[in-house]
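I have placed the structure first, in the form of structure tokens, so that the comments after it can refer back to it.
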Amino acid sequence: MKTVRNTAVLAAAVVGGLTFASGAGAQTTPTVVDTKLEVKTVVSGLTQPVQMEFIGKDDFFVLEKPTGQVKRVKNGVASVVLDLTVNSNSERGLLGIALDKYFKYNGTVYLYWSETTQPADNAAGDAVPLRGNRLDRFHWDGTALVYEKTLHRNRALQDDATNRTNPAVPVFRGNHNGGVVRVDPKDGSIYLQIGDTGRRGQLQNLIDGPFVFPPGDGEIGDDQFGGPDPDANHLTGVILRLNPDGTAPRDNPFYRLGAERGGSVGASLKKVYAYGLRNGFGMAFDPFSGDLWEQENGDDSFSEINRTEEGFNSGWVQVMGPLSRVAQFKAIETTRTPVPPDPAAPAGYYGLQQTRWDPINIADTPHEAYDRLFKLPGSKFSDPEMTWKYEVAPGGIDFLSTKELGKDYKGDLFVGSARGSLRGGNLFRLPISNNRKEVDPEDRRLKDKVADNVAKYEITESESLLFGENFGVTPDLKESPDGTLYVVSSTQGNVYEIKRK
């Protein structure tokens, strides 16, 4: 919490997949394909909004990533209800919000954010504690959000020593933090999506880490973020499932394994619901099946939409996309075409980011890739429900549970953008099968669950999925109490509503 607020507007930052820009940037006009629908601006003038939660009709909280402010927007008017001192370097900042299952009765709100070692908001790469990403519980008293308890702390500081051009000059990064928080409407447990923060350890499917440093005293070398074990300082590339008090539910898939392991690593394993994630900006519960879905961003290849069962291993870093396409994954990620060209960049920097594990190490066959996965007892790998061959940078996701926008939209999954590079910031609409287990598009070219587009941010084979354009970066989509679709545009500083005309 802070008494001094930094009001400086940040310039655009493009690091690790998500492009953030200030609300002062150039505006575009969002549109949707369906001419029976319209786009309405609900609130404007926000500074890099990222996530929102409804607390009533025409009444919601919205987060500003670089200012640390939670704003309440009621009938289109915004007011500050909490102001945290944040570090917003790259993909850090005020990142995630969820309401407790019993929010109407207890006023409990969960926030995920990046604290700083400085007295005011800043974007310095090293101005965070080691575990400066934190999940906190707050109480809404009707006027303000009041801090109650810290439930979990996660890795924030990234000293990328392997990519130093001058060994004496540190290279600090702040990408792949994830940060989306959701609450299971059935049992009230908290789900937290955390990116890999550049780490290469067991939860990134490398049993002994990336072998960057030679072992010392008979121990396995550290990959700077610790490794390869996922102790408290190195629990990344995961979806965590927690109780409202921050403890691990005893029915988590690796709880018993964690209890047997003990110590810091065991405590981490108890919390893990899924692992092998690269990075993502969207999770949503299917309102009909109750299943959890999430999206993940590739580097140059294979954006993913996954239905996430307990114990899910998403495959990163051994594979992105379907296992059968691992040769394409390797071919794309080992084709290095720096933009802009940088002769001083270390070899491999432009493949999978960072050089701890060069993409040349990717397996040549599906069998080899599967065999290399780090298989926690009870874990299970499955192919994504939808992928794009070349990265399209999906963002926030949500389902529509009603027919308010039209009967054909009920039950569909809507997907935003983590960059504005495709159609000015597109929205996709993914039909879901009757059994609610998979994406069920009409285009026969997508029956293999892969859109074979021809380049990054290109739409070939997914034209039929296009729902909207020119929304900018959209890290959150949310069904409103009225059944309409709200879209948070970080780059445009607006929240939009898609509704019937």
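The values are calculated or read from the model by the stated rules, or taken from the named source; none is laboratory data. From a predicted model like this one, the values you see are computed outputs, not experimental measurements. Positions of Cβ are generated from backbone atoms using ideal geometry, with glycine treated the same way; all protein chains shown enter the neighbour counts.
Observations on the model:
- Within the stretch 220-239, the residues that satisfy the criterion of being out of contact with any Gly (no Cβ under 8 Å at 6 or more places or on another chain) and either surrounded by fewer than 24 Cβ atoms within 10 Å (Cβ to Cβ) or at pLDDT below 90 (or both) are Gln224, Ala232.
- Here Val146 does not qualify as surrounded by 24 or more Cβ atoms within 10 Å (Cβ to Cβ), free of Cβ contacts under 8 Å to residues at least 60 places away in the same chain and over 30 Å from Asp291 (Cα atoms).
- Going through (1) assigned to a loop (DSSP other than H, G, I, E, B); (2) touching a Leu at 6+ places or on another chain (Cβ under 6 Å) one by one, Gln51 falls short only on (1).
- Residue in the stretch 471-482 that is within 19 Å of the chain's Cα centre (by Cα), part of a loop (DSSP other than H, G, I, E, B), among the aliphatic types (A, V, I, L, M) and modelled with pLDDT of 95 or more present: yes
- Scanning the stretch 428-465 for residues that are part of a strand (DSSP E or B) and in contact (Cβ under 8 Å) with a residue 40 or more places away in the chain yields Leu430, Ile432, Val439, Val450, Ala451.
- Note on the stretch 76-93: residues that are of a type in the set (A, V, I, L, M, F, W, C), surrounded by 24 or more Cβ atoms within 10 Å (Cβ to Cβ) and within 24 Å of Tyr486 (Cα to Cα) total 0.
- Of the residues making up the stretch 255-275, those that are surrounded by fewer than 18 Cβ atoms within 10 Å (Cβ to Cβ) and of a type in the set (D, E, K, R) are Arg256, Glu260, Arg261.
- Subset tally (residues that are among the hydroxyl-bearing types (Ser, Thr, Tyr) and either surrounded by 17 or more Cβ atoms within 10 Å (Cβ to Cβ) or at pLDDT below 95 (or both)) for the stretch 418-434: 1
- So Lys410, is it closer than 16 Å to Ala284 by Cα, touching an Asp or Glu at 6+ places or on another chain (Cβ under 9 Å) and free of Cβ contacts under 8 Å to residues at least 24 places away in the same chain: yes
- Filter result for the condition that a residue is part of a loop (DSSP other than H, G, I, E, B) and within 21 Å of Asp34 (Cα to Cα), over Gly468, Gly424: Gly424
- The set of residues in the stretch 395-438 that are more than 25 Å from Ala98 (Cα to Cα) and over 23 Å from the mean Cα position of the chain (by Cα) comprises Gly406, Lys407, Asp408, Ser433, Asn434, Asn435.
- Search result, residues across the stretch 389-407 that are closer than 28 Å to Leu323 by Cα and free of Cβ contacts under 8 Å to residues at least 24 places away in the same chain: none
- Members of the stretch 442-455 that are buried (at least 18 other Cβ atoms within 10 Å of the Cβ) and either touching a Pro at 6+ places or on another chain (Cβ under 6 Å) or farther than 25 Å from Thr308 by Cα (or both): none
- Tallying residues that are surrounded by 19 or more Cβ atoms within 10 Å (Cβ to Cβ) and free of Cβ contacts under 8 Å to residues at least 24 places away in the same chain within the stretch 149-169 yields 0.
- Filter result (at pLDDT 95 or above and of a type in the set (Gly, Ala, Ser)) within the stretch 343-399: Ala363, Ala369, Gly378, Ser379, Ser382, Ala393, Gly395, Gly396
- Test: residue in the stretch 254-273 that is assigned to a loop (DSSP other than H, G, I, E, B) and either in contact with a Leu (Cβ under 6 Å, 6 or more places away or on another chain) or modelled with pLDDT under 95 (or both): yes
- Taken over the stretch 243-254, the criterion of being in contact with a helix residue (DSSP H, G or I) (Cβ under 8 Å, 6 or more places away or on another chain) and crowded, with 18+ Cβ neighbours inside 10 Å is satisfied by Ala248, Asn252, Phe254.
- The stretch 94-118, residues that are buried (at least 24 other Cβ atoms within 10 Å of the Cβ) and over 21 Å from Ala284 (Cα atoms): Ser114, Thr116
- Taken together, the criteria exclude Gly142 from residues that are modelled with pLDDT of 95 or more, within 24 Å of Pro475 (Cβ to Cβ) and of a type in the set (Gly, Ala, Ser).
- Residue ID - surrounded by the most Cβ atoms within 10 Å (Cβ to Cβ), chosen from residues in the stretch 40-75 that are among the basic types (Lys, Arg) and closer than 13 Å to Val495 by Cβ: Lys71
- Annotation: of all residues in the stretch 319-342 being among the β-branched types (Val, Ile, Thr) and surrounded by 13 or more Cβ atoms within 10 Å (Cβ to Cβ), the one that is modelled with the lowest pLDDT is Thr334.
- Residue list for the stretch 54-65, restricted to those being in a strand (DSSP E or B), within 19 Å of Arg92 (Cβ to Cβ) and of a type outside the set (Asp, Glu): Val62, Leu63
- Failed item in (1) over 13 Å from Gly178 (Cβ atoms); (2) in a loop (DSSP other than H, G, I, E, B), with Asn279 passing the rest: (1)
- Selection from the stretch 73-127 of residues that are in a loop (DSSP other than H, G, I, E, B) and either closer than 30 Å to Lys57 by Cβ or at pLDDT below 95 (or both): Asn75, Gly76, Leu84, Gly93, Asp100, Lys101, Tyr102, Gly107
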